[in-house]
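One structure below.
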There are 2 protein chains.
Amino acid sequence: MVQIEQDILAKNNAYADANRKEWKARGLFAANLVSSPGSGKTTLLVETIGRLAGRHPLAVIEGDQQTSNDAERIRATGAQAIQVNTGKGCHLDAHMVGHAFERLDLAQGGLLLIENVGNLVCPAEFDLGEAHKVVILSVTEGEDKPLKYPNMFAASDLMLLTKVDLLPHLDFDVAKCLDYARRVNPKIEVLQVSAKSGEGMDGWLAWLEQGVAAAKH
Amino acid sequence: MVQIEQDILAKNNAYADANRKEWKARGLFAANLVSSPGSGKTTLLVETIGRLAGRHPLAVIEGDQQTSNDAERIRATGAQAIQVNTGKGCHLDAHMVGHAFERLDLAQGGLLLIENVGNLVCPAEFDLGEAHKVVILSVTEGEDKPLKYPNMFAASDLMLLTKVDLLPHLDFDVAKCLDYARRVNPKIEVLQVSAKSGEGMDGWLAWLEQGVAAAKH
């Protein structure tokens, strides 16, 4: 079984390298958003796209087992979006994402946001060619998740702690959560945001714009 | 790849059948709790064990990628608990659960609660030998999850809608969520609960006690 897993990952990595090369040639910045189901990825993206207000070319690849709900929510903002349905599959892989990208029309200097299947385990293993994995953890999920699902937090460069508007109604210890995340990944950056109240959205937009600027060169 | 997946599932099913036979011979009722990370499974179990107040022999098998936090929380109630760490694995399988069960001392007529790895995708495929899968969906995750992760809701006999104490602070449409769950699985039972406020806990305890009574015969 280990051999089979290695073969699958090697094949995926080859596709991921091809995606990365293509996106680099086009000066695109790609982020792979990973989380549990229901952490608020799509709501965050809708709010993000609204605030970016056409400042950069932008497209979204949406992953889900079933439905095109998320792509429809993104398209309602006016942005391009492609839905990938994985069926029984538990993650996006680089091959699916490469094909989805072919169907998008994203200009030089653009931002490619990939919303993975909601799963805090399997997508950690699959490089899609992105510049960064961004792990999204909502405060309703409990502060212990970085310790319980360490692979995902180790694989990510940024953690967005979302739904912080709900903190007054929860027993969630922010300091403990950040400590746990840094134990698993000492270099992880953290931003606290609420797509609903707008808190922290400026920091997240600045992070994205820095990535877009760096990818252009 | 399809052949390999079939082989893995066939092997798992054989172990699951052995577990089911053994638990039946002992008159045990086993429930497999599945959900996203952070839906509140462990908090619900702690509260459930407290309310059952020693009325039935009881043991818990806890699944997580890493840490023994959950088993420790269960043991603090006085109940037996075994932690299974799956490492990179994304679900419990029947073989792991069979071995964990060997280390428990659960009397005739008892209740075996299995808390799966937090993952709304992969555990749907793996029978552990349980009488029922119970899918737990917290209201903070959004009402569309049954449509987006249909395999898990189709595989479950009961849906517990948890954290309903937070409904006043959320835009969550309960009726829509139940409609979606029934579209995927017309026979699914639904209970709305809050381990925090105690709302709906009586119905959940009654469901468990009915299972325990039926397994004794």
Candidates B:Asp7, B:Asp17, filtered to the one that is closer than 25 Å to B:Val121 by Cα, touching a residue at least 40 places away in the same chain (Cβ under 8 Å), among the acidic types (Asp, Glu) and surrounded by fewer than 16 Cβ atoms within 10 Å (Cβ to Cβ): B:Asp17
Any chance A:Pro37 is surrounded by 14 or more Cβ atoms within 10 Å (Cβ to Cβ), at negative phi and within 14 Å of another protein chain (Cβ to nearest Cβ): yes
Residue list for segment A:20-54, filter: touching a strand residue (DSSP E or B) at 6+ places or on another chain (Cβ under 7 Å) and either free of Cβ contacts under 8 Å to residues at least 40 places away in the same chain or outside any helix (DSSP H, G or I) (or both): A:Leu28, A:Phe29, A:Ala30, A:Ala31, A:Asn32, A:Leu33, A:Val34, A:Ser35, A:Ser39, A:Gly40, A:Ile49
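Among the residues of segment B:154-172, write down those that are farther than 22 Å from A:Leu166 by Cα and more than 12 Å from chain A (Cβ to nearest Cβ). Even if it seems obvious, please write down each step before you answer.
Of the residues in segment B:154-172, the ones farther than 22 Å from A:Leu166 by Cα are B:154-159.
Matches in segment B:154-172: B:Ser156, B:Asp157, B:Leu158, B:Met159.
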Residue list for segment A:74-93, restricted to those being more than 10 Å from chain B (Cβ to nearest Cβ) and farther than 14 Å from A:Cys122 by Cβ: A:Ile74, A:Arg75, A:Ala76, A:Thr77, A:Gly78, A:Ala79, A:Gln80, A:Ala81, A:Ile82, A:Gln83, A:Val84
Selection count where residues are among the aliphatic types (A, V, I, L, M) and more than 25 Å from A:Leu170 (Cα to Cα), scope segment B:138-177: 5
Verdict on A:Ser138 being within 14 Å of chain B (Cβ to nearest Cβ), out of contact with any Phe, Trp or Tyr (no Cβ under 8 Å at 6 or more places or on another chain) and among the hydroxyl-bearing types (Ser, Thr, Tyr): yes
Close pairs (6 angstrom Cβ cut-off, 6 or more residues apart or separate chains): at positive phi and away from chain B (no Cβ under 14 Å) in segment A:99-120, in a strand (DSSP E or B) and crowded, with 24+ Cβ neighbours inside 10 Å anywhere: none
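Have a look at B:Asp70, B:Asp17, B:Asp7 and point out the one that is assigned to a helix (DSSP H, G or I) and closer than 22 Å to A:Pro150 by Cα. Spell out how you get there, then give the answer.
Values: B:Asp17 fails: closer than 22 Å to A:Pro150 by Cα; B:Asp7 fails: closer than 22 Å to A:Pro150 by Cα.
Being assigned to a helix (DSSP H, G or I) and closer than 22 Å to A:Pro150 by Cα holds for just one of B:Asp70, B:Asp17, B:Asp7, which is B:Asp70.
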B:Ala71 vs. criteria free of Cβ contacts under 8 Å to residues at least 24 places away in the same chain, within 14 Å of chain A (Cβ to nearest Cβ) and among the aliphatic types (A, V, I, L, M): yes
Where A:Asp70 falls short, out of the listed (1) buried (at least 20 other Cβ atoms within 10 Å of the Cβ); (2) acidic (Asp, Glu); (3) over 25 Å from B:Thr140 (Cβ atoms): (3)
Counted residues, segment B:74-91 - those being in contact with a strand residue (DSSP E or B) (Cβ under 8 Å, 6 or more places away or on another chain) and either in contact (Cβ under 8 Å) with a residue 40 or more places away in the chain or β-branched (Val, Ile, Thr) (or both): 4
Selection from segment B:73-97 of residues that are part of a strand (DSSP E or B) and either among the hydrophobic types (A, V, I, L, M, F, W, C) or buried (at least 17 other Cβ atoms within 10 Å of the Cβ) (or both): B:Gln80, B:Ala81, B:Ile82, B:Gln83, B:Val84
Residue in segment B:60-67 that is within 21 Å of B:Phe126 (Cβ to Cβ) and away from chain A (no Cβ under 14 Å) present: yes
Test set (1) more than 20 Å from B:Leu44 (Cβ to Cβ); (2) facing chain A (nearest Cβ under 8 Å); (3) surrounded by 20 or more Cβ atoms within 10 Å (Cβ to Cβ) - B:Glu125 fails condition number: (3)
Leading residue by the ranking (nearest to the chain's Cα centre (by Cα)) among those in segment A:143-192 that are of a type in the set (Gly, Ala, Ser) and surrounded by 23 or more Cβ atoms within 10 Å (Cβ to Cβ): A:Ser156
Within segment A:193-203, tally of residues that are crowded, with 16+ Cβ neighbours inside 10 Å and in a helix (DSSP H, G or I): 1
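None of the figures in this text is laboratory data; all of them are computed from the coordinates on show. Fair warning: this is a prediction, and the values are worked out from it, not measured in the lab. So basically every Cβ, Gly included, is an ideal-geometry build from the backbone, and we count neighbours across all protein chains shown.
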